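**Q** Sharing a structure below in structure tokens format, with a few things to ask.
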Amino acid sequence: MLDRLKIILSPAEDLIQNEIQHPITGQKLELAYFLPLIDEQKIHAFITVPFSKNEYPFMNLLKSNPNFTKVTDPATWTDLLLRGQALIEFQDQIFSFDAMKFSYTDLSEAKLETSILGPQNSLSEDPIISLNIIRNAYVSPELVIDKMNVGNLSRTGLYIIYDQRKVNKHTLDLVMNKLASVHLDLIQSTGQLERLLNGKKYQLFPTLLITERIDRIGRALSFGKVVLVLKGSQYAIILPVTFFDFMHAVEDHYESIWMTKLLIFLRYVALFITSTLPGLYVAILSYNPEVFRLQLTFSLVASRSIVPYPSFIEVIIMLLMIEMLLESSIRIPKLIGSTSTTVGGLILGSAIQQAGLVSSVMIIVTSLVAISNFVLPIHTMSLAIRFLKYPIIVFAIFFGLAGVFLGLFVYIISLCSTRSFGEYYFRYRGDVSTKKGDIGGTGTA
């Protein structure tokens, strides 16, 4: 049986194949099961111990115990293993034993990628539980799980997961070579591993997607992507990815097509607002007021009549205040964090406007920028966009409105020249939800 399973199933680190020989009788028992799906205590209590003690003829136990089922069709072996069954070969007969392990009670809710209609559970810091969830979410005999250790001192376990039939072999080779070239003493988190795999030190945009959601991982595997699960972290890495993958939320696959398109459009609008609005404010007020109607221009200038310094200083003051509020909301204890930062922001914003240090329009601009940044569904991309607005402000200070578009042009060139493990980063995969055989969703992970 063991030799046939090696041919039927893809090679995987989590596929356990054991041969047990009784020390007295010399009888042999062969076992096969997927480790993440199996409760090993059940294997020990119902199979290993009764066979070793030999207090009762083991064949009689297999035939009389309803927990064991005789399997006559080899074509069902794969499905039984993927459904949490252990296969037993004894005296040239095959039996299955239901030892399924349910790990869903040990999971926490997703925190970074919340969803209303989708699954609420996230991955676990225990890799075996995470592999159990992934195996149950993506039930395919083509799923391969390789294991390696990263970190010269930590020797942290890393699991490389992919669909052998759908994965790009060139991409897989690049991933394996990159992981082999990682030399660091301690690797303790997914974010640390992401920085090591990102390649370029001064990369503007994230080229790997960090996620905690099971459904996003399952969908990524179905599109031939590679998933990395690190021991001790409840986040996984998906690669390769495109820029447009970061603009899609998991909720897009559960809503109607029209609502999904509207939400995606709003995200791109929010992306434009949060990256360019401060620069546009500086450029229009200082250099190009003629782009607005005369009444609106007078209104904007009147709101700044009591502000004693140029518009770019006003913008920098407000943006730095927002950045400090965001950072403090992360560092402050959770029980008081949201309340203190909200109250602090309201009081500080109201006081600074009444003191004449910033204009009322600047308060509106700052609020729009902060809100728009939180519309982006992936945390790593929202962090990158938080930085991108500052170079545009610098361009706007020196070149006005032309500088804003010059900054956008530089970013587009950067996107077009970026690669994610051999794949074009700024390539739109399109919407495959209308193809036959695919139900709902878009063509991104």
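**Q** Can you find, among LEU37, THR418, LEU87, the residue farthest towards the positive end of the dipole of the chain? Put +1 on the C-beta of Lys and Arg, -1 on that of Asp and Glu.
**A** THR418
**Q** Taking only protein heavy atoms into account and a 1.4 Å probe, give the accessible area per residue of the chain in Å².
**A** It amounts to 50 Å² per residue over the chain.
**Q** Scan the chain and note any complete DSSP helix (H) whose C-alpha atoms cover at least 24 Å along its axis and whose Kyte-Doolittle average is 0.0 or more.
**A** 257-286, 311-331, 334-354, 379-399, 401-417
**Q** Moving on. Excluding same-chain residues fewer than 8 positions from LYS169, which aspartates and glutamates have a Cα within less than 17 Å of its Cα?
**A** GLU142, ASP146, GLU423
**Q** Still on this structure, please answer the following. Quick one: pull the percent of accessible area on the chain belonging to carbon and sulfur, 1.4 Å probe, ligands and nucleic acids left out.
**A** That share works out to 61 percent.
**Q** Using alpha carbons only, what's the Rg to Rh ratio of the chain with Rh from Kirkwood?
**A** 1.10
**Q** Something else now. Please state the relative contact order of the chain as a whole percent: Cα pairs under 8 Å, 6+ residues apart?
**A** Relative contact order for the chain comes out at 15 percent.
**Q** Grab the DSSP H runs of the chain that are 4 residues or longer, score each as -39,500 (n - 2.57), total them, divide by all residues and round the 222 nm result to the nearest 500 deg cm²/dmol.
**A** Using -39500 (n - 2.57) per qualifying helix, the result is -14500 deg cm²/dmol.
**Q** Determine the shape class of the range 256-424: with a ≥ b ≥ c the square roots of the Cα gyration tensor eigenvalues, call it rounded for a/c under 1.5, and otherwise prolate if a/b is greater than b/c, oblate otherwise.
**A** Cα axes put the range 256-424 in the oblate bin.
**Q** Rank ILE116, ILE317 by accessible area, highest first, at a 1.4 Å probe radius?
**A** Largest accessible area first, the residues go ILE116, ILE317.
**Q** Considering the alpha-carbon set of the range 2-98 alone, what are its Rg and its Dmax in angstrom?
**A** Expressed in Å, the Cα Rg and Dmax of the range 2-98 come to 12.8, 37.
**Q** Based on the Kirkwood radius over alpha-carbon pairs, what is the Stokes-Einstein translational diffusion coefficient of the range 71-127 at 4 °C with 1.567 mPa s viscosity, in µm²/s?
**A** Reported coefficient: 91 µm²/s.
**Q** Given N residues in the range 184-253, what is its alpha carbon radius of gyration divided by 2.2 N^0.38 Å?
**A** Taking the Cα Rg and dividing by 2.2 N^0.38 Å, one obtains 1.12.
**Q** Pull up the cross-link candidates among the aspartates and glutamates for LYS261, meaning alpha carbon to alpha carbon under 15 Å and not fewer than 8 places away within one chain.
**A** Hits, sequence-local ones excluded: ASP245, GLU251, ASP252, ASP431.
**Q** Here's another thing I want to ask about it. Shape of the range 105-241 from its Cα gyration tensor (a ≥ b ≥ c, root eigenvalues): rounded if a/c is under 1.5, otherwise prolate when a/b > b/c, or oblate?
**A** Here the range 105-241 falls in the rounded category.
**Q** Ok, one more. Let's see if you can work this out: charge +1 on each Lys and Arg Cβ, -1 on each Asp and Glu Cβ, no other charges. What is the dipole magnitude of the range 105-241 about its Cα centre, in debye to the nearest 20? Let's see the in-between values first.
**A** Numbers: 16 positive and 13 negative charges, 94 e Å.
Dipole of the range 105-241, to the nearest 20 debye: 460 debye.
**Q** Further, regarding this structure: Between their Cα atoms, which of LYS101/LYS166; LYS28/LYS53; LYS166/LYS200; LYS53/LYS231; LYS28/LYS63; LYS178/LYS389 are more than 25 Å away from each other?
**A** LYS101/LYS166; LYS166/LYS200; LYS53/LYS231; LYS178/LYS389
**Q** While we're looking at this one, here's another question. Could you compute how much accessible surface ILE397 exposes when probed at 1.4 Å, giving the result in Å² to the nearest 10?
**A** For ILE397, solvent-accessible area is about 40 Å².
**Q** Continuing with the same structure: What does the charge add up to near SER360, with Lys and Arg as +1, Asp and Glu as -1, over the other residues with Cβ less than 12 Å from its Cβ? List each step's numbers first, then the result.
**A** Numbers: positive: ARG304; negative: GLU314.
Local charge sum for SER360: 0.
**Q** For the chain, what is the charge dipole size about the Cα centre, in debye to the nearest 20, if Lys and Arg each add +1 at the Cβ and Asp and Glu each add -1 at the Cβ?
**A** In total the dipole reaches around 920 debye.
**Q** First measure r as the distance between the Cβ atoms of PHE292 and LEU204, then evaluate 1/(1 + (r/R0)^6) with R0 = 35 Å and state the FRET efficiency to the nearest 0.05. Can you show the working numbers first?
**A** On the way: r = 31 Å, r/R0 = 0.88.
Calculated value: 0.70.
The values are calculated or read from the model by the stated rules, or taken from the named source; none is laboratory data. Bear in mind the structure is a predicted one, so any value in this text is a computation, not a measurement. Neighbour counts are summed over all protein chains in view; Cβ atoms, including those assigned to glycine, are modelled from backbone coordinates with ideal geometry. The area values use the complete protein model at the heavy-atom level, side chains included, leaving out ligands, DNA and RNA. Shrake-Rupley method; radii C 1.70, N 1.55, O 1.52, S 1.80 Å.
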